[in-house]
Every structure is written in structure tokens, then in C-alpha cells.
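Accompanying notes for the structure given below.
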Amino acid sequence: MTEAWRPDDDEPRGASGPVRVRVPAKVNLHLGVGPLRRDGYHELNTVYHAISIYDELTARRGDTLTLTMEGEGTGELALDDSNLAIRAAHALAGYAGVMPHARLHLRKQIPLAGGLAGGSADAAAALVACDALWGTGLSRDELAGIAADLGSDVPFLIYGGTALGTGRGEAVSPVLARPTSWHWVLAFADGGLSTPQAYRELDRLRETGSAGAPLGSTDGLLAALRQRDPRVLAATLGNDLQDAALAMRPSLAATLKAGEAAGALAGVVSGSGPTCVFLTADAADAERVAAELEAAGVCRQARTAHGPVHGARVT
Ligand code: C5P
């Protein structure tokens, strides 16, 4: 008689085959920047929104921790211990008390330093993928706790959807809105902008009295999200970092103007830029606006997207 196979303590936990995770880009529908704190961060009052432009991270078993990649930013993005996905794998292994062994491969569609939290997305994907690969079985909230130490935007990308971000952006609570899909166009720029530099530029503009009035409360935007009318939402989009991004990259003014001339309901700089994001009335309008932006030569590439979508998930 043959004995039934039983897992025992020697049997590795987790997945034996590859784990594939898809993670979205984020835009900020409202990015209210408060004063500079003593820890070097700014107090934020933001509404995050996850959109359907994705990076994909595959994790396989390995004898060490390695990262390879293809797609956006190949040849530019460091793949060593400074990479946020590698740092995320180390952080999870340290937290869970396992060896940080995995072969990670990234397929990137989110541009580097684009204001879409691409690096943060990869960190969130690495946490979710390694948790499944290693069988560490952490909850989303535990993963978000580890995520907060990796970057201000990383916890949001664990959850996705539409969410309020406070503190330096790491304290995330979901926004309950009607199940509406919004249609966006993203105008990718040539080259990135540095996030710390954009915050410094905003401080400088505020010191010299040349920044616009701060956005203040998210109430108007949150009320607009509860309605289904993109025209109402369009009137409430805003980003305190936009003045800084425009000062650093004046050509973005032409991109924003071209999107609105093409029929977008509103356009704003996404996060610290340089990506510009446009709200449109529907999917057909989004296609039209994207084509016109490309034809006008005011961006490297224009892509349509919808949101909200889920955060980092095993596919
Ligand atoms: O949190 P993260 O590492 O993504 O932030 C990158 C940089 O952006 C910070 O070092 C800081 O200069 C700036 N930042 C800020 N206030 C925030 C978030 C980021 O000044 N709330």
C-alpha cells in the first residue's frame, strides 16, 4: 500500500511555479500639498486613482535575488539593490523571516519618473508576488504597512481603486463612490522629472509668492466622484505640483492646451509630472483626443486608460 503524500516542514511553502502580478499606474485627481515637515516630506491631502496602464512582474524561485526587465526604461532603470522592487523583496523577507531568494522579471509600460508612480507600482507588485511565491500569506494591510517604508505611494498601489491619501501620502483610505468608469488620456513626455526637485520647486515658488493658491480640501472632488457626470468631475481636478512641473518643463503648457483643444474636459499634470492626464466624456472621445495629441507632436506617446482599477494582483 502506498502512503498518501503529506506536506511536512521540509516542503517549501508557497508557489513552485512562476507568480505573475499586474500592477496599475496611479494619477492624483487632487494633489494638495501642505507645508514641508521636519522629516523632509510634505503633508499631503490627495485623491489617488488607479488606471489601466500596467506593469507586470513575474517572480520565480531562485538561489539569489535577481531582477531583469523589458519595456519602458530598459537600459535606464538600475536593476541592483537600489531598485524599489528589490528593496521591497528584501523588506518582505526581513519582515517574514524568510530568505530573499527569487528571480524577478519586470515588463514595464509605466514610464520612469513620469508622475505615475511606476517605481512604487513595481515595489507593490514585488511585495504581492514574493508573498505568494514564498507562501508568507500576509494580509493586504500588512503588505501596505511594509509598503509605507518603501515610498509614500506604495501602499495605495497595494489597494488600487480610488482612495484618499493623507500624511505624506502613505495613509490610505478607500473612497466609496458609485461604480463608474472614467475615461482618461495620458500624454507621456520625453524624459522624466525628479519628484524631490518638483517639491523643492513648489517650496521655492511659494516662498517667492509665485505659486497659485493651494487647492485645500478634497470635498468638491469627493462630491463629484459620487455623481456620474465627467463634466462635474473635470471642474474639480487639481494639482498643487503643477506650477512646479510647468516651471521645470514649460513645454507642458502646450500639451495641456492641445488636450483641451482636442476636446478633453480637463487636463492636469499627473503627480510631479511630466505626464499630463486628461479626462474625457467617454471611450470614443479618449481615442480621438489621444490621436490628436500625437498628431500635434506635443508628447512622446498618448495612451487611453480607464479607472478605477484594482491594485497589485496575482493574475
Ligand atoms: O516617498 P517617496 O520616496 O516616493 O518620496 C520621494 C521624494 O518626494 C521625497 O524624498 C521627498 O523629497 C518628496 N516628497 C515630499 N512629500 C511627500 C512625498 C514625497 O516632499 N509627501
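Let me know the shape class of the range 151-268, please: from the alpha-carbon gyration tensor, a ≥ b ≥ c as square roots of the eigenvalues, rounded when a/c is under 1.5, otherwise prolate if a/b is greater than b/c, or oblate.
Oblate is the answer for the range 151-268, as a/c is 1.5 or above yet b/c matches or exceeds a/b.
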Under-5 Å amide H pairs with Leu265, H placed in peptide plane, nonlocal only: Leu279, Thr280, Ala281
Accessible surface, 1.4 Å probe, highest first, among residues Arg249, Arg200: Arg200, Arg249
Net charge dipole size for the range 1-131 [Lys, Arg +1 and Asp, Glu -1 on Cβ; Debye, nearest 20]: 400 debye
Cα gyration tensor category, rounded, prolate or oblate, for the range 106-170 with a/c compared to 1.5: oblate
Accessible area, probe 1.4 Å, largest first, for residues Tyr95, Tyr48, Tyr41, Tyr54: Tyr95, Tyr41, Tyr54, Tyr48
Accessible-area value, Thr195, 1.4 Å probe, nucleic acids and ligands omitted, Å²: 60 Å²
For Gly34, distant residues with modelled amide H under 5 Å away: Glu43, Leu44, Asn45
Estimated FRET transfer efficiency when R0 is 41 angstrom, pair Thr64-Arg204 (beta carbons, to 0.05): 0.40
Virtual spin-label span in nm between Arg140 and Ala284, 7 Å along Cα→Cβ: 3.5 nm
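Using a ≥ b ≥ c from the Cα gyration tensor of the range 39-118 (square roots of the eigenvalues), is it rounded, prolate or oblate, where a/c under 1.5 gives rounded and otherwise the larger of a/b and b/c decides, a/b for prolate? Provide the component values of the computation, followed by the final result.
Working: a/c = 1.97, a/b = 1.30, b/c = 1.52.
Because a/c hits 1.5 or more and a/b fails to exceed b/c, the range 39-118 counts as oblate.
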Solvent accessible area, Å² - Lys257, 1.4 Å probe, full protein context: 150 Å²
In Hz, Karplus ³J(HN,Hα) per residue of the range 20-33 (6.51, -1.76, 1.60; θ = phi - 60°; x = Gly, Pro): 10, 10, 10, 9, x, 7, 10, 10, 9, 6, 9, 10, x, 9
Accessible-area value, Arg231, 1.4 Å probe, nucleic acids and ligands omitted, Å²: 140 Å²
Ellipsoid semi-axes in whole angstrom, largest first, where each is sqrt(5λ) of the Cα gyration tensor of the range 19-176: 25, 17, 14
Highest-MSF residue in the chain out of Arg288, Arg103, Arg178 [GNM, Cα springs under 10 Å]: Arg178
Percent of alpha-carbon pairs separated by more than 34 Å within the chain: 23 percent
Bridge type composition, the range 40-194 - antiparallel percent by DSSP, nearest 5: 65 percent
Taking the range 9-53 and dividing mean pair separation by its residue count, relative contact order in percent (alpha carbons under 8 Å, at least six apart): 38 percent
Sum of -39500 (n - 2.57) over DSSP H runs of 4+, divided by residues of the chain (222 nm, nearest 500): -9500 deg cm²/dmol
Relative contact order [Cα under 8 Å, 6+ residues apart], the range 193-299, whole percent: 26 percent
Cut-off under 5 Å, modelled amide H: who pairs with Asn28 long-range: Gly271
Accessible surface, 1.4 Å probe, highest first, among residues Ser16, Ser152, Ser194: Ser16, Ser194, Ser152
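The values are calculated or read from the model by the stated rules, or taken from the named source; none is laboratory data. Source: prediction; values computed, not measured. Don't worry about glycine lacking a Cβ; one is built from the backbone with ideal geometry, like all the others, and counts go over all protein chains shown. What goes into the accessible areas is simple: the full protein's heavy atoms, side chains included, and nothing from ligands, DNA or RNA. Shrake-Rupley method; radii C 1.70, N 1.55, O 1.52, S 1.80 Å.
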